[in-house]
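To keep things clear, I will list the structure first and then write my remarks on it.
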Amino acid sequence: MAILPIVRFPHACLEQVAAHVDATAPETAQLARDLLETMHAAPGIGITACHVGIAQRLVVIDLPGGDGPHVYANPDIIWQSAETSTQEEGSVSMPGIHAPVTRPTCVKVRYDRPDGTKAEDVADGLLATCLQHEIDQINGVFWLKRLSRLRRERALKRYVKLERGSI
């Protein structure tokens, strides 16, 4: 396994729609292991191949107190609840910046398993938030786009100051 370099906002890969991956390929399994190690080192609880500059539809999530890491190849949200909740979100590609984002409380996700079969999972709470956040990312929607214009501008100003080392 390897810790891969994480691209920083506004890298072009963060706003690119990612290509489908072959979930059964050994290189996909290796990339998933590398993403897991990279995410833990960042630290983070979710990461995509896009975060390391690889425009592929691969998501890894490992929630604190959860049941271990989960890998989602080619995930898509196929249902979402009308009920919403608000969680603090951020990105390994924009460290130090967080803001509240409102999303559906529950989602159903379809994805490919390493054996080539399709799977569907229903998620709620933090897992639902993470899945939506990371699936947005592989669809070319960086999390800042989910903020109001005012919150986005504030987050960007703070990020510029952090990157310059003036905070």
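The values are calculated or read from the model by the stated rules, or taken from the named source; none is laboratory data. Everything numeric in this text was worked out from a predicted model, so none of it was measured. We place every Cβ from the backbone using ideal geometry, glycine too, and count neighbours over all the protein chains shown. Side chains are part of the model used for accessible areas, which takes the heavy atoms of the whole protein and leaves out ligands, DNA and RNA. Shrake-Rupley method; radii C 1.70, N 1.55, O 1.52, S 1.80 Å.
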* Residues 107, 7, 101: which one is among the aliphatic types (A, V, I, L, M), closer than 21 Å to residue 141 by Cα and in a loop (DSSP other than H, G, I, E, B)? -> 7
* Has the range 60-73 got at least one residue that is in contact with a Lys or Arg (Cβ under 6 Å, 6 or more places away or on another chain), farther than 20 Å from residue 140 by Cβ and of a type in the set (A, V, I, L, M, F, W, C)? -> no
* Structure fact -> Exactly one of 96, 116 is of a type outside the set (A, V, I, L, M), open to solvent by less than 60 Å² (accessible area, probe 1.4 Å), under 28 Å from residue 32 (Cβ atoms) and outside any strand (DSSP E or B), and that one is 116
* Structure fact -> Taking the range 127-145 and keeping residues over 17 Å from residue 59 (Cβ atoms) and not hydrophobic (A, V, I, L, M, F, W, C) leaves 145
* When you scan the range 127-167, how many residues do you find that are among the acidic types (Asp, Glu) and loosely packed, with under 14 Cβ neighbours inside 10 Å? -> 1
* Asked: For the subset of the range 11-32 comprising residues that are open to solvent by 50 Å² or more (accessible area, probe 1.4 Å) and either in contact (Cβ under 8 Å) with a residue 60 or more places away in the chain or in contact with a strand residue (DSSP E or B) (Cβ under 9 Å, 6 or more places away or on another chain) (or both), which member is farthest from residue 144 (Cα to Cα)?
  -> 24
* Asked: What tally of residues in the range 75-128 results from selecting those that are without any contact (Cβ under 8 Å) to a residue 60 or more places away in the chain and touching a His at 6+ places or on another chain (Cβ under 7 Å)?
  -> 3
* To do: Of the numbered conditions (1) in a loop (DSSP other than H, G, I, E, B); (2) closer than 25 Å to residue 164 by Cβ; (3) more than 13 Å from the chain's Cα centre (by Cα), residue 24 fails exactly one; give the number of that condition.
  => (2)
* Structure fact -> Cβ pairs under 7 Å, 6+ apart or interchain, first in the range 144-164 and more than 15 Å from residue 10 (Cβ to Cβ), second open to solvent by 80 Å² or more (accessible area, probe 1.4 Å) and modelled with pLDDT of 95 or more, ordered by first then second residue, are none
